[in-house]
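A.B. asks: Take a look at the following structure, please.
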Amino acid sequence: MGKRQVRIFQKDLEQRLPELLQQPVVQVVLRTKAVLAGSLSSINSSRLQLKDFRFNKHEFTPDEVEEIFYDIEAPY
């Protein structure tokens, strides 16, 4: 099966926060062009917390995010 990426840009982030908590793995691109991969462990309107694969926690504000993306399986 193929995969597709779902991209969520900063302007749409607040509306789609509940969807992101359900994803096991997300990639976060910050405005500094740093990319963090892991799972979002907590989200509120002022802070997001991501736990990476080494179990380190990274906190950032929604203003620091350029986009968040994750993979889904294609229907074919």
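A.B. asks: Using the Karplus equation 6.51 cos²θ - 1.76 cosθ + 1.60 (θ = phi - 60°), what ³J(HN,Hα) coupling, rounded to whole Hz, does each residue of the range 51-57 give in order, writing x for Gly and Pro?
C.D. replies: Result, rounded to whole Hz: 9, 7, 6, 9, 6, 7, 9.
A.B. asks: Related question: Share of the chain's accessible area from carbon and sulfur, percent, 1.4 Å? Could the numbers behind the result be given before it?
C.D. replies: On the way: 2600 of 5170 Å².
Within the chain, the accessible surface is 50 percent carbon and sulfur.
A.B. asks: Ok, one more. When Cα Rg over 2.2 N^0.38 Å is calculated directly from the model, which label among (i) 1.06; (ii) 1.60; (iii) 0.98 fits?
C.D. replies: Of the listed options (i) 1.06; (ii) 1.60; (iii) 0.98, (i) comes from this structure.
A.B. asks: Now for a different question. Residue by residue, what Karplus-based ³J(HN,Hα) values in Hz, rounded to whole numbers, does the range 2-9 have, using 6.51, -1.76 and 1.60 with θ = phi - 60° and x for Gly and Pro?
C.D. replies: Running phi through 6.51 cos²θ - 1.76 cosθ + 1.60 with θ = phi - 60° gives x, 10, 10, 9, 9, 10, 10, 8 Hz.
A.B. asks: Name the residue from Phe53, Gln27, Ser42 whose Cα lies farthest towards the positive end of the charge dipole of the chain, charges +1 on Cβ of Lys and Arg and -1 on Cβ of Asp and Glu.
C.D. replies: Of the listed residues, the answer is Phe53.
A.B. asks: What distance in nm separates the two pseudo spin-label positions at Arg7 and Glu19, each 7 Å out from Cα along the beta-carbon direction?
C.D. replies: Result for the modelled spin labels: 1.4 nm.
A.B. asks: I've got another one for you. Would you mind estimating how fast the range 34-76 diffuses translationally, via Stokes-Einstein at 37 °C and 0.692 mPa s with the Kirkwood radius over Cα pairs, in µm²/s? Write down the numbers at each step before the final one.
C.D. replies: Working: Rh = 11.6 Å.
The diffusion coefficient I find is 282 µm²/s.
A.B. asks: Helix-only estimate, please: 222 nm mean residue ellipticity of the chain, summing -39500 (n - 2.57) across DSSP H runs of length 4 or more and dividing by its residues, to the nearest 500.
C.D. replies: After summing the helix terms and dividing by the residues of the chain, the value is -1500 deg cm²/dmol.
A.B. asks: How big is the dipole moment of the chain about its Cα centre under a simple scheme where the beta carbon of each Lys and Arg is +1, that of each Asp and Glu is -1, and everything else is neutral? Debye, nearest 20, please.
C.D. replies: Taking the Cα centre of the chain as origin, the dipole is about 160 debye.
The values are calculated or read from the model by the stated rules, or taken from the named source; none is laboratory data. Small disclaimer: the values here were computed from a predicted structure and weren't measured. Ideal geometry is used to build each Cβ from the backbone, glycine not excepted, and the neighbour counts take in all protein chains shown. Ligands, DNA and RNA are excluded from the accessible area calculation, which covers all protein heavy atoms including side chains. Shrake-Rupley method; radii C 1.70, N 1.55, O 1.52, S 1.80 Å.
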